[in-house]
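**Student:** Right, I'll just put the structure down here and ask away after.
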Amino acid sequence: MQDAASTIARQLAQDEQATRIYKLLTYVSEGTWVGDISSPNEAMIYRVLSQLLEQFTDLTLLRSYIHTSVNTLSKPAEYSQIADLILEAIFSDRGGEDPTTTFLRVVSPPNPQVNPQTTLYSTIAAKLPQIPNQIRLKKLALCAARSIWEVDLARLEAISWVDLTKMIHQRHATHQELKKGLQQVVSQLSKPVEYSVLAETLIDNLQALYQVPIVQVPIVEVPTNAAQPNLTPSLTSNLNSSETESLVNFDEIRQDTHFPKPPDVIPPSQWSDDTGTSRVETIDSEMFDLHFDIMKLANPLRLKHLLLILVNGIEPKDAIEGMTLRQQSMIPLLATAFRLHRKPEILGIKLREIARKLPDTDEYETTIEAIMRAFKMRSASTSVSTTPKRMPFDESTIGISSLNR
Amino acid sequence: MTPEHLITQYKSGHVDFSGLDLYRIQLQGSDLIGANFSGSNLQCVNLVLAFLSRTNFHQANLKGSLLRGANFSQADLSNCDFRDADLMGCNLSRSDLRCSDLSLSTLLDANLSGADLRGAILNGADLRSTCLRSANMREEGRGLPGADLRGANLQYADLKGANLSGVNLQRANLAGANLTEVSLKGANLTQAILTGAKLTHAFMSDAILIEANLAGAILQDAKMNRVDLTRAILTDAVLTDATLNGAKLNQANLQNSKMARVRLNKAELGRTNLKDALLLEANLIEAYLGRADLRGADLRGANLIRAEISSALMAGANFAGATLPDGSIQD
């Protein structure tokens, strides 16, 4: 294998496109993009080529992988030709088939000798350098992998995405675990807004580690009856620890963490839940109308006192002066109150009981009247249409109105 | 002046308390309707649950004051200093708050419906569950800037029909807010959080939403021409019948979004994630979809005339009945 790589490397090193050949080979084998390189020598090409050939003993799979990687570049047309040059050299050395077919439709099952995990890491890592904000992304990934917040750019650049992908996979056994880990990291940063976007991007890109079959991404069109490779990585299998430790000497990386202050912009409620959408409670539009109706006559502060006691059952003193007054906002409280108390008459009795325990009892009467009137109106209108409205294409994701649950 | 003296004077018909030093005065629950406190120093005063409708506080200093539950309806509160003031549960409906400084103030649950907030500074203010229906915060051409809401918390705020044209909402939190029929023309919403927000019929043309999070937002029939949504998150968003002609959506994430009949003519969708998006009968004339991810997307009946889709990922996409870039119709 080494002899073959040596012959091919010599041939490629002599090509006038040697620089691009080296860049592409490094990209597909290591997942990193080499920026400044003028004339790579045979040894350099040999190193990355032999890595690649070790990973792919099946040439069909190799061809597919190289072209997929090319498609992730900003100049896919130019690098497609470079890919052909590489493949031509490899295939001619093997005396194999025509390598110029650039658009694969069927992929043969992988050779059992291929290490699926390594290939998976390379496939995923190949995409990550294309994401904007590379430095921040890498900082975040490293923190997810090793709980180290590295600010030294040179050190960050020295860590390859393949290594980071491996380490993250080793540390987080499930995608959910990874998601939680990243959320925790972001929540401690001084710029949680910026990093939350990157965290989500990272989570999306690493999803394949946990569920997507390895060569699903490369294939543009696969006939339904085509044989599908079964290369789903085992969640429990780990790489050789010495192998990963040798990739980067983490002892050299500063252990100081830069978590300057607690989150002040995004509260935890802003974080994504399992479905990728916000955790904010879905409030029906009608709740805003109900609120607006009440506010025409009610004092907002007195309304809040009443609702806090009604919904949370807290002591009147706490409702007026306690932290809950600040912690909870009106709209979700109102939505809960409306869900729990559909009969305005009974609600009125309860609210007047609450008001009797509060100072300035009489001052609450106007607010109670406003609540009852608005609830009565809204209950009447919702009882007419008891089934949720469904519109074509869109309502399925909006969620059923809380009024109709 | 003592609180008792002030109340006595007011009850005897005296309403002019302008230009006075009333620092830390305790007037909670007082009835001072129609009084004039313009230019007065009311720093750290206590006016909890006071009746202050139609009062004049023009250029008054109310910094750090405790104003919970006070009724300021139709009051003149222009050019006031409300920094760090506690206005929780206040009634500020139809009040004049032009050019007031409300930065870092607490306006939680306040009623600001119909208030004039042009030129007001609200950065970092807590505006959760506020009612801002028909409030005016727009940028005026004649030197009056739009309200400054940078980093403000407007979670569950009700802004239905409010005018927010040209307003600065950078990094503001509008999660779950009601923005139905709102005008956000030219507003800056860079990195704003709009998860689950309701933006039905909103007018958002020329707005900047770079890296904004609109996951699960409802943007049905919204007018969003030339809007900049670069790298924005719109996963599971509903954009049915929305108009986004000439919009920038490069690298945006629209996975699983609902965009039936959306108008995206001449839109920039380079590297946009449109996986599993519903683009039924969508208009994508001359749209740029270079390296866009359309895998699993439903483009039945879509119009893609002169659109650039050659480098897009399209495995599993459904183009049945769609008009392709060359004008042919897919079977």
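The values are calculated or read from the model by the stated rules, or taken from the named source; none is laboratory data. Treat the numbers as computed from the prediction; the structure is a model and nothing was measured. Glycine also receives a Cβ, built like all others from the backbone with ideal geometry; neighbour counts cover every protein chain displayed. Remember, those area values only see protein heavy atoms, side chains included, never the ligands or the DNA or RNA. Shrake-Rupley method; radii C 1.70, N 1.55, O 1.52, S 1.80 Å.
**Student:** Sort out which residues of region B:110-140 are under 13 Å from B:Leu169 (Cα atoms), part of a loop (DSSP other than H, G, I, E, B) and of a type in the set (A, V, I, L, M), and write them in order of number.
**Tutor:** Correct list: B:Ala120, B:Leu122, B:Ala125, B:Leu127, B:Met137.
**Student:** Here's something else I'd like to know. Restricting attention to region B:141-159, which residues are part of a loop (DSSP other than H, G, I, E, B), at the interface with chain A (Cβ under 9 Å from one of its Cβ atoms) and at pLDDT 95 or above?
**Tutor:** Listed by number, the residues that qualify are B:Gln155, B:Tyr156, B:Ala157.
**Student:** Taking region B:215-230 as the search range and keeping residues that are at positive phi and surrounded by fewer than 24 Cβ atoms within 10 Å (Cβ to Cβ), which one is nearest to the other protein chains (Cβ to nearest Cβ)?
**Tutor:** By that ranking, first place goes to B:Asp221.
**Student:** Please identify the pairs in which a residue from region A:298-323 that is farther than 23 Å from A:Ala374 by Cα has its Cβ atom under 7 Å from the Cβ atom of a residue that is part of a helix (DSSP H, G or I), counting only partners at least 6 apart or on another chain.
**Tutor:** Listed by first residue and then by second, the contacts come to A:Ile314/A:Leu308; A:Ile314/A:Thr324; A:Pro316/A:Ile309; A:Asp318/A:Thr324; A:Ile320/A:His305.
**Student:** For region A:38-152, which helices (runs of 4 or more DSSP H) that fit wholly inside it have 1 or more residues that are at pLDDT 85 or above?
**Tutor:** A:42-55, A:76-94, A:134-146
**Student:** To continue, here is another question. Restricting to region B:233-252, what's the tally of residues that are hydrophobic (A, V, I, L, M, F, W, C) and within 9 Å of chain A (Cβ to nearest Cβ)?
**Tutor:** Residues meeting the conditions: 4.
**Student:** Now, a different point. Would you confirm whether or not region B:202-209 contains a residue that is part of a loop (DSSP other than H, G, I, E, B) and within 12 Å of another protein chain (Cβ to nearest Cβ)?
**Tutor:** Checked region B:202-209: no residue is part of a loop (DSSP other than H, G, I, E, B) and within 12 Å of another protein chain (Cβ to nearest Cβ).
**Student:** Considering only region A:186-200, how many residues are open to solvent by 10 Å² or more (accessible area, probe 1.4 Å) and either touching a strand residue (DSSP E or B) at 6+ places or on another chain (Cβ under 8 Å) or at pLDDT below 80 (or both)?
**Tutor:** The number of residues fulfilling the criteria is 8.
**Student:** Here is a follow-up. Please state which one of B:Gly89, B:Gly166 is within 14 Å of chain A (Cβ to nearest Cβ) and outside any strand (DSSP E or B).
**Tutor:** B:Gly89
**Student:** Here is a check on your reading of the model: is A:Leu358 farther than 25 Å from B:Ala277 by Cβ and modelled with pLDDT of 90 or more?
**Tutor:** Yes: the conditions hold for A:Leu358.
**Student:** Oh, and also: Give region A:279-328 a look and list any residue that's modelled with pLDDT under 90, within 12 Å of chain B (Cβ to nearest Cβ) and part of a loop (DSSP other than H, G, I, E, B), or say none.
**Tutor:** A:Arg279, A:Val280, A:Glu281, A:Thr282, A:Ile283, A:Asp284, A:Gln328, listed by residue number.
**Student:** Any residue that is away from every other protein chain (no Cβ under 14 Å), open to solvent by 10 Å² or more (accessible area, probe 1.4 Å) and modelled with pLDDT under 95 - is there at least one of those in region B:100-108?
**Tutor:** Within region B:100-108, one or more residues are away from every other protein chain (no Cβ under 14 Å), open to solvent by 10 Å² or more (accessible area, probe 1.4 Å) and modelled with pLDDT under 95.
**Student:** Pick from region B:117-139 the residues that are more than 14 Å from chain A (Cβ to nearest Cβ) and open to solvent by less than 30 Å² (accessible area, probe 1.4 Å): which of them is farthest from A:Asp289 (Cα to Cα)?
**Tutor:** B:Gly119
**Student:** Taking the condition of being crowded, with 16+ Cβ neighbours inside 10 Å and either small (Gly, Ala, Ser) or within 16 Å of A:Ile203 (Cβ to Cβ) (or both), how many residues in region A:120-155 meet it?
**Tutor:** The total comes to 18.
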